[in-house]
Amino acid sequence: MDINKVLTQELDVKAWQIDAAVKLIDEGNTIPFISRYRKEVTGSLNDEVLRNLDDRLRYLRNLEDRKAQVIATIEEQGKLTQELKAQIIAAQTMVVVEDLYRPYKQKRRTRATIAKEKGLEPLADFIMEQSATQPIENVAIQYISEENGVESVEDAIAGAKDIIAETISDEPNYRIYIRELTMKEGILNSTAKDENVESVYEMYYKFSEALPKVAGHRTLAINRGESEKILTVKVEAPVEKILMYLGKKIIISNNQYTSSILTETIEDSFSRLIGPAIEREIRSGLTETAETGAIKLFGKNLEQLLLQPPIADRVVLGWDPAFRTGCKLAVVDQTGKVLDTKVIFPTQPHNKVEESKDAVKSLIKKYNVSLISVGNGTASRESEMIIVDMLKEMDENVEYVIVNEAGASVYSASKLATEEFPNFDVAQRSAVSIARRLQDPLAELVKIEPKSIGVGQYQHDMNQKKLTEALTGVVEDSVNKVGVDLNTASASLFEYISGISKVIAKNIVDYRETNGRFTNRKQLLKVAKLGPKAFEQCAGFMRIQNGNNPLDSTSVHPESYDAATKLLEILGYDINSISSGELLGLFGKVQDIKKMSEEIGVGSITLEDIAKELEKPGRDPRDEMPKPLLRKDVLDMKDLASGMVLKGTVRNVIDFGVFVDIGVHQDGLVHISQLCRGFVNHPLDIVSVGDIVEVRVMEVDAAKKRIQLSMILDEYDSKKEDAAAQANAKAKEERNNNKSNNNRNNNNNSRNYGNNSNSNKGNFENNSNNVNKENHYQNNTNKDNTKKDNTNKENTNNKNSGQLDLSKLAKFSR
């Protein structure tokens, strides 16, 4: 296999770009370095394309290695033919290679191997020849042997059938055809082990859907329901077509003595051997595809969260809310240094509200706090109400913001947090983390294991190795996109920099503490274990403010310093102009970039990057992201009314919609059909985590803590929705009146809907009428954060005709 040619076709890029990227990867260059500083070589392939290339390159190389192993093993057995070798070499996937290898694998003892040990293989071969001129029973008599354990004619024929069944099962071409046919025409069925048990999986109690149409999140939900012993899951294959196909392939002669035996054997082979194996493979494939989609979504959400703009130059009070153990406070200055900590008890069962207010006011006045960062876990709502009341009583201009505290408990109990704050308890560290993640989200969130940051779905059900690798790549790309200050960054931040290992990251901090601040990038070469190759990979991402060389404060790589200096000289500047701010508009002064690049001796892409960086040295890409929405007041669900338009922050993006924080503690759902007019392939095409959006309130159900929102704001659509809502209400009332008689029909309708649910993604899953925020993919109830568990365990039993209940589906993220 020409791996580079395959990658060219799969990634839809030019062959020379693939060749160049593969060469750079093989030379030990990191993805961030190649993406940022080797654009000229790769034709500006971005980090996403490069990571996909790297993943596929590893897979295809592993595939080639496996092919070589299989060929060598079969050759050792003396059974390798040129035809078989050609088939193995041509295989495009591991599954096909394993299919071809199956007949030659060392097998455990099976019914067929036992039959062969009894000497029944010649009888099986005779039956397969299909040339018998007398009943097979007459031939089987000669195989009866007490010594071999064949006590009757029936035993002999049964053993021969077992051998034939396994031979059929091992035929790779049969398996390939059956797998493809089942995947194309099969149906995924799930049923309840006990229909009387209420659970979040009720929409899957009688569920059927064509395999090609099964959405990834439904696959993961069904898998979880099965693992929790709630659901029984089966793949319904097109058995009649499969048996007909096998019959045509195997029964080549209409022999009156063997045809019936072979027909029975084919049925046994499929039902006992082929069918279960193909079902496992298909479900494994569905799960792998679903996991890939969920990991990609998690990665996109994580990237947006990491790249949220920092709130700089503010003294922040971190507030970790709780009931019994009290609310933990931590004040941090503009640099993140902890100034003070305190525990107050304003919530139940203590209710020391006034005393707590006085304590917080004292901290605000003492340290000039201008911003309060409140965690969104247990007692967050109660804390928010107290904060709002307190701010109304104060003259100081103080604002607050609710932050996602997912992972704070993981960090606070970690070895890293213990080393950073040895004299603090777990709760105090958590309050510090909540404050700091507002000041600089990236610097704080890198201290937490990526999968513990609650912006994914089903992360605990996935392949953890695959998930960790993907999310680590996202963090690495984000950190390198922003860059780090060499004199202030923590070891946790350094270890995500291109070319820097955990050991080297610690060595950088140790060197800084021993020798004082870095004054130029070349000093990195004095750090233990940081050699020339690591320096090449990391130097451009390390920044030094007020150092010996102004270029060290930019993302210009040291290898391009001569080119940058020459560019400045040609345009009438020097390197001291970098920090003066007079280079704004520098790129516009380069009239002929091709001619200029030839004169300087660099590529035009590199020259453009240098010029743009010198215009705004050390620019932070996070500045282009939407700022957090700060608040001084709070709304209650009872304050919301249909038609009200509010601003909110996108907290999470999932396959069928987005969750938006509108300042009422309970996030609302904008269903995919309400993101905009027209077809939406995926919510990520419209919004990202951290976006500030305007939404219109569609419906509020305070009892179920459910808020439905729309990003379609105009009046015409509002009237249409009101009419639709009235029609739905009337239909629901009629259905309820006949519920006792129609339960079964409604279930069947729900099942029918499942078969067609992908026919119109604009109506993905159902109308947004059946959504419960608290139970959706927020994952604030992550296993790493159980002490914050705020979950509303609600079991709605909605079996509306033609609708699936998303309030059930929502809970599967746990």
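Here the peptides 567-576, 305-314, 536-545 are ranked by packing, the mean other Cβ count within 10 Å, and the order with the highest first is 536-545, 305-314, 567-576. Amide hydrogen proximity for residue 706: with H placed 1.01 Å from N in the peptide plane, the residues at 5 or more positions away or on another chain lying under 5 Å are 701. If R0 is 51 Å, what FRET efficiency do you get for residue 26 and residue 394 from their C-beta distance, rounded to 0.05? The calculated FRET efficiency here is 0.25. Remark: relative contact order (the stretch 3-103) = 21 percent; criterion is Cα-Cα distance under 8 angstrom and separation of 6 or more residues. The relative contact order of the chain comes to 11 percent, based on Cα pairs under 8 Å that sit 6 or more residues apart. Summing Cβ point charges (Lys, Arg +1; Asp, Glu -1) relative to the Cα centre of the chain gives a dipole of roughly 1100 debye.
In the stretch 312-439, how many lysine pairs have Cα atoms under 17 Å apart, counting only pairs 8 or more places apart or on different chains? Close lysine pairs found across the stretch 312-439: 17. The angle separating the long axis of helix 604-615 from the principal Cα axis of greatest extent in the chain is about 40 degrees. Within a straight-line Cα-Cα reach of under 17 Å, residue 249 can be paired with the following aspartates and glutamates, leaving aside sequence neighbours fewer than 8 residues apart in one chain: 125, 129, 166, 170, 171, 180, 240, 264, 267, 268. Over the chain, dividing the summed -39,500 (n - 2.57) contributions of all DSSP H runs of at least 4 residues by the number of residues returns a 222 nm mean residue ellipticity of -14000 deg cm²/dmol. Taking all protein chains into account, the per residue accessible area for the stretch 3-103 stands at 52 Å² (1.4 Å probe). Length available on full extension from residue 61 to residue 12: 0.36 nm per residue minus the Cα-Cα distance, which gives 15.7 nm. The listed residues 613, 154, once ranked by accessible area (1.4 Å probe) with the largest placed first, stand as 154, 613.
For the stretch 391-531, with all protein chains in place and a probe radius of 1.4 Å, 51% of the accessible heavy-atom surface sits on carbon or sulfur.
Assign unit charges at the C-beta atoms only (+1 for Lys and Arg, -1 for Asp and Glu), then state the dipole size of the stretch 3-103 relative to its Cα centre in Debye, rounded to the nearest 20.
In debye, rounded to 20, the stretch 3-103 gives about 100.
For a modelled paramagnetic label at residue 485, 7 Å from Cα along Cα-to-Cβ, the residues of the stretch 331-368 in reach, with backbone nitrogen under 16 Å, are 332-338.
A crude spin-label estimate for the pair residue 517 and residue 639, with each label 7 Å from Cα along the Cβ direction, gives 4.4 nm. Within the stretch 644-715, what whole-number % of the accessible surface is contributed by carbon and sulfur, with the 1.4 Å probe and all protein chains included in the calculation? Carbon and sulfur atoms account for 47 percent of the accessible area of the stretch 644-715.
How far is the Cα center of the stretch 91-139 from the Cα center of the stretch 368-409, in Å? Computed from Cα coordinates, the inter-centre distance equals 72 Å.
Annotation: extensible slack from residue 701 through residue 106 equals 208.1 nm (criterion: 0.36 nm per residue apart, minus Cα-Cα distance). Accessible area per residue for the stretch 330-374, computed on protein heavy atoms with a 1.4 Å probe, is 50 Å². Shape class for the chain: oblate, because the ratio a/c of the largest to smallest gyration tensor axis (alpha-carbon atoms, square roots of eigenvalues) is 1.5 or more and b/c is at least a/b. Cut-off under 12 Å on the C-alpha distance; same-chain residues fewer than 8 positions from residue 229 excluded. Which aspartates and glutamates are left, in chain and number order? Once the sequence-local aspartates and glutamates are set aside, what remains near residue 229 is 194. Considering only 258, 407, 523, and ranking their Cα positions along the charge dipole of the chain that arises from unit charges at the beta-carbon of Lys, Arg, Asp and Glu, the one farthest toward the positive end is 407. Label-to-label distance, residue 460 versus residue 366, with points set 7 angstrom from Cα along the beta-carbon direction: 3.9 nm.
Amide H contacts under 5 Å for residue 339: 331, 332, 333, restricted to partners 5 or more places along the chain or on a different chain, H placed in the peptide plane at 1.01 Å from N.
Extension gain for residue 148-residue 419 works out to 90.5 nm (0.36 nm per residue, less the C-alpha to C-alpha distance). In the stretch 1-101, a dipole from Cβ-located charges (positive for Lys and Arg, negative for Asp and Glu) runs towards its positive end, and of 78, 11, 60 it is 11 whose Cα lies farthest in that direction. Need one word for the stretch 312-439: rounded, prolate or oblate. Basis is the Cα gyration tensor (sqrt eigenvalues a ≥ b ≥ c); a/c below 1.5 gives rounded, then a/b vs b/c decides. It is oblate, given that a/c is not under 1.5 and a/b is not larger than b/c. Between residue 501 and residue 89, the modelled labels are 3.9 nm apart [label points 7 Å from Cα along Cα→Cβ].
Here the stretch 3-103 exposes an accessible surface that is 50 percent carbon and sulfur, computed with a 1.4 Å probe and the other protein chains kept in place. Rounded to whole numbers, the Karplus 3J(HN,Hα) couplings from phi for the stretch 270-285 are 6, 5, 9, 10, 5, x, x, 5, 5, 4, 4, 5, 5, 5, 5, x Hz, using 6.51 cos²θ - 1.76 cosθ + 1.60 with θ = phi - 60°, and x at Gly and Pro.
With θ taken as phi - 60° and the Karplus curve 6.51 cos²θ - 1.76 cosθ + 1.60 applied, the whole-hertz 3J(HN,Hα) list for the stretch 384-398 is 4, 4, 5, 4, 4, 4, 5, 5, 5, 8, 10, 8, 5, 8, 10 Hz, x standing for glycine and proline. Summarising the amide proton neighbourhood of residue 657: residues at separation of 5 or more, or on other chains, whose placed amide H is nearer than 5 Å comprise 672. Among the listed pairs 451/616; 206/300; 647/705; 39/627; 529/594; 612/647, a Cα-Cα separation exceeding 28 Å is found for 451/616; 206/300; 39/627; 529/594; 612/647.
Rounded to the nearest whole Hz, the Karplus-based 3J(HN,Hα) values (6.51 cos²θ - 1.76 cosθ + 1.60, θ = phi - 60°) of the stretch 197-214 follow the sequence 7, 7, 7, 6, 9, 4, 5, 9, 5, 9, 10, 9, 7, 4, 3, x, 9, 5, with x at glycine and proline. Note on residue 134/residue 272: beta-carbon distance plugged into 1/(1 + (r/R0)^6) with R0 of 22 Å gives a FRET efficiency of 0.15. Computed packing ranks the peptides 382-391, 457-466, 275-284 as 382-391, 457-466, 275-284, most packed first, by mean other Cβ atoms within 10 Å.
The values are calculated or read from the model by the stated rules, or taken from the named source; none is laboratory data. Just so it is clear, the structure is predicted and the values come from calculations on it, not from any experiment. Quick reminder, even Gly has a Cβ in these numbers, built from the backbone with ideal geometry, and neighbours come from all protein chains shown. Ligands, DNA and RNA are stripped out before the accessible areas are found, and what is left, the full protein with its side chains, is counted by its heavy atoms. Shrake-Rupley method; radii C 1.70, N 1.55, O 1.52, S 1.80 Å.
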